[in-house]
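Participant: Could you have a look at this structure, given as structure tokens, before my questions?
The values are calculated or read from the model by the stated rules, or taken from the named source; none is laboratory data. Keep in mind that what you see is a predicted model, and the values were worked out from it rather than measured. Glycine gets a Cβ as well: all are built from the backbone with ideal geometry, and neighbour counts include every protein chain shown. Side chains included, ligands, DNA and RNA excluded: accessible areas come from the protein's heavy atoms. Shrake-Rupley method; radii C 1.70, N 1.55, O 1.52, S 1.80 Å.
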Amino acid sequence: MTQSRVLIAGGGIGGLVTALTLHQVGVPCTVYESVRALKPLGVGINLQPNAVRELIDLGLGPEVLDKVGLPAREWALVGLSGADIHAEPRGLDAGYLWPQYAVHRGRFHMALHDAVIERLGPEAVRTGCRATGYTQTDQGVTLHLDGPEGAFTNTGDLLIGAEGIHSPIRAQMHPDQPPIHWGGALMWRGTTRAKPIRTGSSFIGLGTARHRMVIYPISRPDSDGLAEVNWIAERTLDAGEDWTRAGWFREVPIDSFVHHFEAFRYDWLDVPALIRGADRAFENPMIDRDPVPTWVDERVALLGDAAHAMYPTGSNGASQAVVDARTLGACLIAHGVTPDALRAYDDRLCGPVSNLVLRNRGAGPFGLLDIVDQRCGGVFDDIDSVIPAAERAAFLADYKAAAGFAIETLNAAPPIIAPGARIKDETPNK
């Protein structure tokens, strides 16, 4: 019996979790990554309980996640006056059976890479190999790549395109897709050694929908009480302003943008001081892609940002990539390593996640800031007179349901992949 093989274009979070999942269910695979050497790049991201559950099922629980971040305990939105709009517990404190984690994206990425190399072997990830396109027949799919020694190909039964928002696989699958969408918001990102506030592990959104800060720690405090605090400063440009600088993600001087946040000073937080305490800062536009009608072309499927690049307003881009990979694994168990498995994966996720992309474009859970801004300009004495507690809770419950981490639903749901489940009988090239 010939074993089926899956080719994975892209060695980011989605591609590596896919490789670990395929190994778990008994499907050989190879990851092709464009960069020559993986490094712990990026700043903070959140892993929602639905994704942490899947990582634990992969054997990547607190013993791994505690080394790259810490469990989140609170999610809070704060108005311009510094008073709470809404605050609620998160993770285990909220009643989930699994924690939510705030992690350093680069260190988490490298932990996934280390797990892939340990479990699948050093040849499982080939770096310096950039996907350029694919061809396919009834018998298999061929991935075309540019490597260190020039162009080459490899053929397998299925191909997963997980190369991010600029995916060449997606561009070939959807040649008429619109350009990357930018809604006019800029983000500046950095980390600062600082004392964590509120619970010591709180996610805080502060300001208005068009002018805000996002702040949360991604490490436990050291002996001096200081943690690595991740911050994102966001501002939507006015109609008369233009942003034409080259590059999507580039280092910039802190003095080039901190003045936009000088008014964000409170007795419990000095935002300008927090920003100025960073060693470096990076600027990038808040971008996504319009949803496409399908993530699948016969033996080829998109996954992660290649499928659904979304605004980071819901803290679930990385989480969705993890869920994508696990859902794909479940579909392979049910249908074998065949195009039928990819169609089942597409049927389960493409529609709902496409709706989530558009919801995040509309501010996601930060939509509460929109409502408060419209009703009172973001400044209030009594938040309940602006937006009642029941309305706030219902707004967030609706978002959690759309994003797949409503507490009762998730806690009651069976695992995406049952313990010990593997592909029992592979008949390739169906």
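Participant: Roughly how many Å² is the accessible area per residue of the stretch 1-128, as a whole number, for a 1.4 Å probe?
Facilitator: Per residue, the stretch 1-128 has an accessible area of 35 Å².
Participant: Now for a different question. Once the other residues with Cβ under 14 Å from the Cβ of G14 are scored (Lys, Arg +1; Asp, Glu -1), what is the net sum?
Facilitator: -2
Participant: GNM on the chain, C-alpha springs below 10 Å: top fluctuator among S256, S201, S167?
Facilitator: Top of the fluctuation ranking is S256.
Participant: Can you work out the accessible area per residue across the stretch 143-288, with the rest of the protein chains kept in place, probe 1.4 Å, in square angstrom?
Facilitator: 45
Participant: What does the net charge come to around S81 if you take all other residues with beta carbon closer than 13 Å to its beta carbon, with K and R at +1 and D and E at -1? Walk me through the intermediate numbers first.
Facilitator: Values: positive: R265; negative: D84, D267, D373, D381, D382.
Summing Lys/Arg as +1 and Asp/Glu as -1 gives -4.
Participant: Taking the Cα centre as origin and putting +1 on Lys and Arg beta-carbons and -1 on Asp and Glu beta-carbons, what dipole magnitude results for the chain, to the nearest 20 debye?
Facilitator: Here the chain has a charge dipole of around 580 debye.
Participant: Among DSSP beta bridges whose residues both lie in the stretch 1-120, state the antiparallel percentage, nearest 5.
Facilitator: Numbers: 12 of 16 bridges.
In the stretch 1-120, approximately 75 percent of DSSP beta bridges are antiparallel ones.
Participant: How would you order 213-226, 141-154 from highest to lowest mean count of nearby Cβ atoms within 10 Å?
Facilitator: 213-226, 141-154
Participant: Here is a follow-up. Of H144, A72, C331, which is farthest along the charge dipole of the chain in the positive direction, counting Lys and Arg as +1 and Asp and Glu as -1 at C-beta?
Facilitator: H144
Participant: Once you've got the GNM for the chain with C-alpha springs shorter than 10 Å, pick whichever of D84, D176, D373 has the biggest mean-square fluctuation.
Facilitator: Between D84, D176, D373, it is D176 that shows the largest mean-square fluctuation.
Participant: Okay, moving on. From the list [x] 24.0; [y] 22.4; [z] 21.1, can you say which value of Kirkwood radius over Cα pairs in Å was derived from the structure given?
Facilitator: Given [x] 24.0; [y] 22.4; [z] 21.1, the structure-derived one carries the label [y].
Participant: Among F264, V300, T30, pick out the residue whose Cα is farthest towards the positive end of the charge dipole of the chain, where Lys and Arg carry +1 and Asp and Glu carry -1 on C-beta, about the Cα centre.
Facilitator: Result: T30.
Participant: I've got another one for you. What's the carbon and sulfur percent of the stretch 95-207's accessible surface, probe 1.4 angstrom, rounded to a whole number?
Facilitator: 50
Participant: Shifting gears a bit: Taking the 0 to 90 degree range and rounding to the nearest ten, how far is the long axis of helix 389-403 tilted relative to the main principal axis of the chain, both from C-alpha atoms?
Facilitator: So the inclination is approximately 20 degrees.
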